[in-house]
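To start, the structure under review is shown below, and the notes come after it.
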Amino acid sequence: MPVVDIQLGDRSYPVHIGPDLLVDGNIWKPYLSTGNILIVSNDTVAPLYLDDLLITLGDIPSEALILPDGEKFKTMDQWSRVLDTLVEMRAGRDATLIALGGGVIGDLGGFAAACYMRGIRYIQVPTTLLAQVDASVGGKTAINHPAGKNLVGTFYQPALVIADTGTLSTLPGREYRAGLAEVVKYGALMDNDLFTWLESNIDSIAGQDPETVTTMVRRCVENKAQVVAADERESGRRALLNFGHSFGHGLEVLGAFEQLLHGEAVAIGMAIAARLSEQRGLCAPGTHQRITTLLAAFGLPTSVPEPFDASSLLEAMSLDKKNSSGTRRLILLESIGQARIDTGSSDEAIRQAIVDCNS
Ligand code: NAD
Ligand code: GLY
């Protein structure tokens with residue numbers, strides 16, 4: 001099975017990718033020889049996969065904390081519950097936290113691990129496609145604050161990531177497709193070969209052919225590994241991973257996440273960013289069309305849904321934390337597989353790109 005190493009000196013770790021890894025004791029055991037173990041999961045994922053994990057742990061003592069499911073529970077209250085549980089267990093600095101779930105559990109569990117006793121070991125066990133290709137790798141941990149998403153958090157790397165692609169079989173189709181938006185993102189921004197491979201494998205990807213899914217996750221993680229190794233704390237290149245996200249976050253600020261999943265909003269954002277790149281002459285004509293054709297083939301949206309429009313989206317994007325001192329900072333394309341950080345787009349050009357995506 002593939003293993004991708006995230007190379008960060010003494011904070012390096014492997015990402016294991018493939019089916020049936022939850023029950024592969026050989027991978028797990030070296031990490032669990034000492035200290036208390038706390039598994040953090042939610043009430044959707046735990047009934048599906050907690051037993052498998054407990055069987056793998058065998059007679060290694062562990063406890064499980066099952067949180068309510070949903071982004072609205074990525075809060076300080078739930079984070080506190082994790083810390084309270086560690087205290088009640090009398091967990092020491094040699095304890096290990098296992099985050100079993102999607103990006104919400106991974107971010108919240110990782111942030112609790114980062115804070116308890118100034119940092120205990122944690123293992124990411126991502127069970128959504130989005131978490132396997134993005135959230136579980138790279139050490140961004142966070143909870144939400146009423147004033148903003150992921151406002152409170154830290155960079156704190158896991159010791160191990162186990163991406164059991166078999167768990168994706170129970171993921172709702174819409175969540176799987178939303179994860180595919182992040183997959184397309186890697187191809188569009190840094191890996192032309194991946195993009196072409198996606199175009200050639202639409203049916204087996206949509207049908208979740210096990211070997212194809214494992215290859216797809218591996219290729220995304222390899223891309224993320226490269227970026228994270230070069231810029232762990234996002235002082236430069238890592239910002240490229242936000243391709244499509246400024247527009248997506250704008251939609252979120254408008255409240256569109258009642259209507260759109262994160263990946264769906266990112267898909268729309270990538271379509272707008274590609275259109276803008278093309279209209280500004282940064283990339284070749286046809287780039288936007290190629291990206292939207294692939295996104296649409298995966299069942300993803302490529303234009304701003306009603307009741308949102310260009311003006312309200314532009315306004316909402318002004319609050320984006322990636323802007324600095326009033327300049328709009330966007331990730332734009334030079335070609336498929338090559339992105340850049342750009343501050344040269346006027347509001348009028350952005351407005352036009354949004355409108356054109358909807359025409
Ligand atoms: P999620 O964690 O809410 O999972 C989506 C839904 O799928 C949930 O209802 C979940 O319970 C369910 N689910 C998870 N695995 C399942 C399975 N195998 N079978 C059936 N149902 C399953 O959402 P997500 O899309 O995984 O992650 C989104 C979160 O990730 C956001 O909070 C976002 O901020 C964060 N994120 C973090 C990073 C990072 O670098 N740390 C990157 C991207 C996103
Ligand atoms: N999801 C973007 C990053 O990890 O930087």
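Of note:
- The residue of the range 247-277 that is nearest to GLY337 (Cα to Cα), among those that are among the acidic types (Asp, Glu) and touching a residue at least 40 places away in the same chain (Cβ under 8 Å), is GLU264.
- Test: LEU83 is hydrophobic (A, V, I, L, M, F, W, C), under 18 Å from ILE120 (Cβ atoms) and either free of Cβ contacts under 8 Å to residues at least 12 places away in the same chain or surrounded by fewer than 19 Cβ atoms within 10 Å (Cβ to Cβ) (or both): yes
- When we screen VAL161, VAL133, VAL137 for residues that are crowded, with 24+ Cβ neighbours inside 10 Å, in contact with a Pro (Cβ under 8 Å, 6 or more places away or on another chain) and of a type in the set (Val, Ile, Thr), the only hit is VAL161.
- Qualifying residue in the range 173-180 (condition: touching a strand residue (DSSP E or B) at 6+ places or on another chain (Cβ under 7 Å), within 29 Å of TYR122 (Cα to Cα) and surrounded by 23 or more Cβ atoms within 10 Å (Cβ to Cβ)): no
- Subset of the range 233-276 [modelled with pLDDT under 95, more than 19 Å from TYR176 (Cα to Cα) and within 13 Å of ligand 1 (Cβ to nearest atom)]: HIS249, GLU252
- Listed here are the strands (runs of 3 or more DSSP E) enclosed by the range 44-145 that have at least 1 residues being closer than 24 Å to ARG238 by Cβ, within 16 Å of ligand 2 (Cβ to nearest atom) and at pLDDT 95 or above: 96-101, 121-126, 140-145.
- First in the range 220-239 and more than 13 Å from ILE341 (Cβ to Cβ) and more than 12 Å from ligand 2 (Cβ to nearest atom), second anywhere and among the hydroxyl-bearing types (Ser, Thr, Tyr) and modelled with pLDDT under 95, Cβ under 7 Å, 6 or more apart: none
- Test for GLU306: is it outside any helix (DSSP H, G or I), surrounded by fewer than 20 Cβ atoms within 10 Å (Cβ to Cβ) and acidic (Asp, Glu): yes
- Any hit, the range 21-37, residues being of a type in the set (D, E, K, R), within 16 Å of ligand 1 (Cβ to nearest atom) and either within 26 Å of the chain's Cα centre (by Cα) or in a strand (DSSP E or B) (or both): no
- Here ALA163, ALA131 are screened, and the one residue that is under 16 Å from the mean Cα position of the chain (by Cα), near ligand 1 (Cβ under 9 Å from one of its atoms) and not hydroxyl-bearing (Ser, Thr, Tyr) is ALA131.
- Helices (runs of 4 or more DSSP H) contained in the range 148-265 and holding at least 1 residues within 24 Å of ILE27 (Cβ to Cβ): 173-190, 210-230
- Near pairs, Cβ below 6 angstrom, 6+ apart or cross-chain, from the range 94-105 (more than 20 Å from TYR176 (Cβ to Cβ)) to any residue that is among the basic types (Lys, Arg) and assigned to a strand (DSSP E or B): THR96/ARG121
The values are calculated or read from the model by the stated rules, or taken from the named source; none is laboratory data. Owing to the predicted nature of the structure, the values given are computational and were not obtained by experimental measurement. Because the Cβ atoms are built from the backbone with ideal geometry, glycine has one as well, and the counts that use them run over all protein chains shown.
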